[in-house]
Amino acid sequence: MVTKTSVLRIVFFMLLLAAALPLSAQNELGKLGLGKLESFGEDIKKIFTGPLVRIILVCCLAGCGVAYAFNKDNEKMKRNIIAIGVGIAVIGAASLIVEGVFKNLAG
């Protein structure tokens, strides 16, 4: 059965492919005028993989551990804490996940 969520995922993936298509048309991003965009993206990546963000994520994860310890009996709070912990893990590992996927696709 096709749900609204699966249709939205497919549409998002198609839009992502359509946006990335011009990047594969030329070998050099400078010919497309996207050289500055690439350096801007690298700057954003450095921000999310930098030491400050890692310190913040470690503090958030430690806070989740403390909140989990004090709310063992509260099932709703436990679900929220676990969801936040998973989100922190995904944010922390996002760069490695993306690099691993594209490394496997490239060769």
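Nothing in this text is a laboratory measurement; each read-out follows from the coordinates by a stated rule. Just so you know, these numbers come straight off a predicted model, no measurement behind them. With ideal geometry, Cβ positions are generated from the backbone for all residues, glycine too; neighbour counts draw on all protein chains shown.
Worth a mention:
- Positions within region 63-90 being closer than 20 Å to residue 49 by Cβ and loosely packed, with under 15 Cβ neighbours inside 10 Å, in sequence order: 86, 87, 89, 90
- Pairing residues of region 71-91 that are small (Gly, Ala, Ser) with residues that are exposed (fewer than 13 other Cβ atoms within 10 Å of the Cβ), at Cβ distances under 9 Å and at least 6 apart in sequence or on separate chains, gives 85/65.
- Among residues of region 40-71, those that are over 21 Å from residue 98 (Cβ atoms) and assigned to a loop (DSSP other than H, G, I, E, B), counted: 1
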